[in-house]
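A short worksheet on the structure shown next.
The values are calculated or read from the model by the stated rules, or taken from the named source; none is laboratory data. Just so it is clear, the structure is predicted and the values come from calculations on it, not from any experiment. All Cβ positions, even for glycine, are placed from backbone atoms using ideal geometry, and neighbour counts span all protein chains on display. Ligands, DNA and RNA are stripped out before the accessible areas are found, and what is left, the full protein with its side chains, is counted by its heavy atoms. Shrake-Rupley method; radii C 1.70, N 1.55, O 1.52, S 1.80 Å.
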Amino acid sequence: MITVTGATGNVGRVLVELLAGAGEEVVAVSRRPGPADPPAGVRWVPGGAGDAAGLRPALDGARAVFLVLAGEQNFRGERPELLTKAVADAGAERIVLVSSQVSATRPEAPSHARLRELEAAVRASGREFTILRPGGFASNAFAWAESVRTRRTVFAPFGDVALPVVDPADIAAVAAAALREDGHAGRVYELTGPEPISPRGQAAVLSTVLGEEVAFVELSREEARAGMTRFMPEQVVAGTLDVLGDPLPAERRAGRDVEAVLGRPAAPFAEWAARNLRAFA
């Protein structure tokens, strides 16, 4: 059995489908309700990785566990070692953790302190572990969905700063491999897309897949900050804008770990956009 936290998220939802399709018994853990008709072999349990005590029933009998902290769980909650102790107490042999590229590239960033603590706890857990460090997600473009649908316009800061955004489906595929296969223990995978693309470039891709022009309007840093603070903690907004506006060389570089694990190139933003066209149409 494999326990998957964050099972309704952009990564977790795909991961559950991949594991179920491979014939695995899956316990899917999420704070939001799962589908009314889940895939065969999938049992949905309410909860999240930020609640170690509440997670224990979902861990019973698991041989491998996928951990991802979502939203506010990244910034407050109980000590990470309580979570990894719950995994160890359940007898699970393997942990696959979604962390962040920024945890390594900006080791002093307060926005990622909790992920760094969880990485340390996973390393010290005594379990086999694999750490996934994705860069920016292609699915962050969902933030533009309403303005693209209603105004055919993308509003974003730093229009010409390019980063190699990663398709969440590729993260899920790498996670599935690490959960099911040997050879990934102790590995840290940096997961990116195949090439950098700017927000202006992403708007152009949306124009292509929609068959209609999508305009790009560049926001100032302050305009972007004002919008983001409505749904993100201030320290996270500051850290995110630092990466988007002044990325380090390591954050600009397209890695090759997706291809190394999956035996195929990482999916470009255009592939993600075409697959999620309905959100923008």
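To keep it simple, each residue is scored yes or no on (1) of a type in the set (Gly, Ala, Ser); (2) farther than 23 Å from Gly186 by Cβ; (3) surrounded by 22 or more Cβ atoms within 10 Å (Cβ to Cβ).
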{"site": "Ala88", "(1), (2), (3)": "yes, no, no"}
{"site": "Leu118", "(1), (2), (3)": "no, no, yes"}
{"site": "Ala121", "(1), (2), (3)": "yes, no, no"}
{"site": "Ala143", "(1), (2), (3)": "yes, yes, no"}
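Yes/no matrix, rows are residues, columns are (1) farther than 23 Å from Asn276 by Cβ; (2) not acidic (Asp, Glu):
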position: Ile171; (1), (2): no, yes
position: Leu191; (1), (2): no, yes
position: Glu195; (1), (2): no, no
position: Ala203; (1), (2): no, yes
position: Ser207; (1), (2): no, yes
position: Leu210; (1), (2): no, yes
position: Arg225; (1), (2): yes, yes
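The residues of segment 56-76 that are modelled with pLDDT of 90 or more and small (Gly, Ala, Ser), listed by number, are Ala58, Gly61, Ala62, Ala64. Condition first: modelled with pLDDT of 95 or more, in contact with a Lys or Arg (Cβ under 7 Å, 6 or more places away or on another chain) and more than 16 Å from Glu190 (Cα to Cα). Can you find one or more residues in segment 246-253 that meet it? Scanning segment 246-253, I find no residue that is modelled with pLDDT of 95 or more, in contact with a Lys or Arg (Cβ under 7 Å, 6 or more places away or on another chain) and more than 16 Å from Glu190 (Cα to Cα), so the answer is no.
Is segment 208-218 home to any residue that is closer than 15 Å to Val166 by Cβ, at pLDDT 95 or above and either part of a loop (DSSP other than H, G, I, E, B) or of a type in the set (S, T, N, Q) (or both)?
no
Evaluated against (1) surrounded by fewer than 14 Cβ atoms within 10 Å (Cβ to Cβ); (2) closer than 30 Å to Glu93 by Cα, Leu248 falls short on exactly one condition, (2).
Table: residues versus (1) in contact with a Gly (Cβ under 9 Å, 6 or more places away or on another chain); (2) on the phi < 0 side of the Ramachandran plot.
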residue: Arg200; (1), (2): yes, yes
residue: Val205; (1), (2): no, yes
residue: Glu213; (1), (2): no, yes
residue: Gly263; (1), (2): no, no
residue: Phe269; (1), (2): yes, yes
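Taking the criterion of being in a loop (DSSP other than H, G, I, E, B), charged (D, E, K, R) and under 24 Å from Glu117 (Cα atoms), the residues of segment 46-69 that qualify are Asp51, Arg63. If you go through segment 1-40 and pick out every residue that is open to solvent by less than 70 Å² (accessible area, probe 1.4 Å) and charged (D, E, K, R), you end up with 1. Considering segment 39-66, and only residues there that are in contact with a helix residue (DSSP H, G or I) (Cβ under 7 Å, 6 or more places away or on another chain) and in contact (Cβ under 8 Å) with a residue 60 or more places away in the chain, the residue that is farthest from Ala28 (Cα to Cα) turns out to be Ala64.
Among the numbered conditions (1) open to solvent by 30 Å² or more (accessible area, probe 1.4 Å); (2) of a type outside the set (A, V, I, L, M); (3) at pLDDT below 85; (4) outside any helix (DSSP H, G or I), the only one that Arg43 does not meet is (3). Return the residue satisfying two criteria in turn: it lies in segment 146-174 and is assigned to a helix (DSSP H, G or I) and open to solvent by 10 Å² or more (accessible area, probe 1.4 Å), and of such residues it is farthest from Leu206 (Cα to Cα). By that ranking, first place goes to Ala173. Residue by residue through segment 228-241, note down the ones that are without any contact (Cβ under 8 Å) to a residue 60 or more places away in the chain and open to solvent by less than 40 Å² (accessible area, probe 1.4 Å). Those that are without any contact (Cβ under 8 Å) to a residue 60 or more places away in the chain and open to solvent by less than 40 Å² (accessible area, probe 1.4 Å): Met228, Val237. Restricting attention to segment 175-207, report how many residues are within 19 Å of the chain's Cα centre (by Cα), of a type in the set (A, V, I, L, M) and either within 30 Å of Ser220 (Cα to Cα) or open to solvent by 20 Å² or more (accessible area, probe 1.4 Å) (or both). The qualifying residues number 3.
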